[in-house]
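Inspection log for the structure reproduced underneath, given as structure tokens.
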Amino acid sequence: MFEAYRQDRIRRDAFLNLLCLDDKILDDIGLTRAEVECAARLPLRVNASDVLAAEALARRKGQIG
């Protein structure tokens, strides 16, 4: 149980590095600061990167289609 928490914490800490990027760079990789901030508030057991990637993909599909 502790090992799973530790891995979740490491993964979330790495994810939070996205908040250090400026808005132009986030836009270049297809994200918005608001999306990153929202995903960062998800429960620790949820992989914020997976949620963010799915939301960004859905947004891009909506713009194209």
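The values are calculated or read from the model by the stated rules, or taken from the named source; none is laboratory data. Nothing here was measured: the structure is a model prediction, and the numbers come from that model. Neighbour counts are summed over all protein chains in view; Cβ atoms, including those assigned to glycine, are modelled from backbone coordinates with ideal geometry. All accessible areas refer to the heavy atoms of the entire protein, side chains included, with ligands and DNA or RNA removed. Shrake-Rupley method; radii C 1.70, N 1.55, O 1.52, S 1.80 Å.
The mean of 1/r over all pairs of different alpha-carbon atoms in the chain, once inverted, gives a Kirkwood hydrodynamic radius of 12.5 Å.
Given R0 = 22 Å, the distance between the Cβ atoms of Met1 and Glu37 translates into a calculated FRET efficiency of 0.20. How many percent of the accessible area of the chain is carbon or sulfur, using a 1.4 Å probe? Carbon and sulfur atoms account for 60 percent of the accessible area of the chain.
Solvent exposure of the chain, expressed per residue, is 71 Å² of accessible area, with all protein chains present and a 1.4 angstrom probe. With loop membership from DSSP and a limit of 10 other Cβ atoms within 10 Å, the longest segment of the chain without trypsin sites (Lys or Arg not before Pro) is 1-40. Per-residue Karplus couplings for the range 13-22, computed as 6.51 cos²θ - 1.76 cosθ + 1.60 with θ equal to phi - 60°, are listed in order as 4, 5, 4, 5, 4, 4, 5, 7, 7, 7 Hz, Gly and Pro entered as x.
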